Amino acid sequence: MLNVPGVVIVLIAIMALIHAVLYLGLTEEQRTELLLLFAFIPARYDASIMPDVVWPGGVAADVWTFVSYALIHGNLAHLLFNSVWLLAFGSPVARRFGSLRFVAFMAATAAAGATAHLLTHYGELLPMIGASAAISGAMAAATRFAFQRGGPLGMGAHIDEAYRVPAADLLTSLRDKRVLVFLAVWFGVNILFGVWALSAAGFEQAVAWQAHIGGFLAGLLGFSLFDPVPAGPTPTV
């Protein structure tokens, strides 16, 4: 905890502050207005659903809600759960990327999650909130370097150097059995969420598992666009 990057602490503090304002400082009506303005609502993008409705924020909100939804959480358990996972997987990625690249990366994976949700829930009125898609992206990014020799999971690795080891290219990563096991477990859990959603009425409203997958794939495939560490010879694993 003493080594958590400042940018991760700031993100968690922002999410906590937003949650406190949302549920302690606003009326029910004000809360609804805020969600309409900052949550991700697929119906915004389908004019046939509510043709006479003028959505708050207009075209600008059509853009910023692809990211802003990730800072809002439905209840305290939701916030705490995502904060723990952000500490665990956001911290190594933030140490490697640096603050600005990390924030840009989290915004990009949040937007990718929102895009996946939009494609699979087009026209839906229920708002999507929560940082899970962006955190899923951080999980995927961590697999690109954490298993490398000398990386964060290596025995006796120096803490600073561990986060600067050259990452394996994607194809090499996908040949690493440890990465494959992690991917299999991660996708398996999310597929189970999807199957459960189909069999439990209303449960699909609670877990936007397609957004998780969108964020994860964006983090896995787009890692190199944000990684400041020069590519080097692929370490033997």
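The values are calculated or read from the model by the stated rules, or taken from the named source; none is laboratory data. What you see is a predicted model; the values in this text were computed from it and never measured. Glycine gets a Cβ as well: all are built from the backbone with ideal geometry, and neighbour counts include every protein chain shown. Ligands, DNA and RNA are excluded from the accessible area calculation, which covers all protein heavy atoms including side chains. Shrake-Rupley method; radii C 1.70, N 1.55, O 1.52, S 1.80 Å.
Can you tell which of Val10, Val84 is within 30 Å of Ala146 (Cβ to Cβ), of a type in the set (Val, Ile, Thr), in a helix (DSSP H, G or I) and modelled with pLDDT under 95?
Matching residue, one of Val10, Val84: Val84.
Please specify each residue of the stretch 28-52 satisfying the condition of being over 18 Å from His121 (Cα atoms) and open to solvent by less than 60 Å² (accessible area, probe 1.4 Å).
Matches in the stretch 28-52: Arg31, Leu34, Leu37.
Val53 is checked against (1) more than 24 Å from Ala13 (Cβ to Cβ); (2) of a type outside the set (Asp, Glu); (3) touching a helix residue (DSSP H, G or I) at 6+ places or on another chain (Cβ under 9 Å); (4) modelled with pLDDT of 95 or more and fails just one. What number does that condition carry?
Single failed check for Val53: (4).
Which condition from (1) farther than 26 Å from Gln210 by Cβ; (2) without any contact (Cβ under 8 Å) to a residue 24 or more places away in the chain is the one that Ala16 breaks?
(2)
Taking the condition open to solvent by 40 Å² or more (accessible area, probe 1.4 Å), more than 16 Å from Ala88 (Cα to Cα), modelled with pLDDT under 80 and not small (Gly, Ala, Ser), does Val185 pass?
For Val185, the condition - open to solvent by 40 Å² or more (accessible area, probe 1.4 Å), more than 16 Å from Ala88 (Cα to Cα), modelled with pLDDT under 80 and not small (Gly, Ala, Ser) - is not met.
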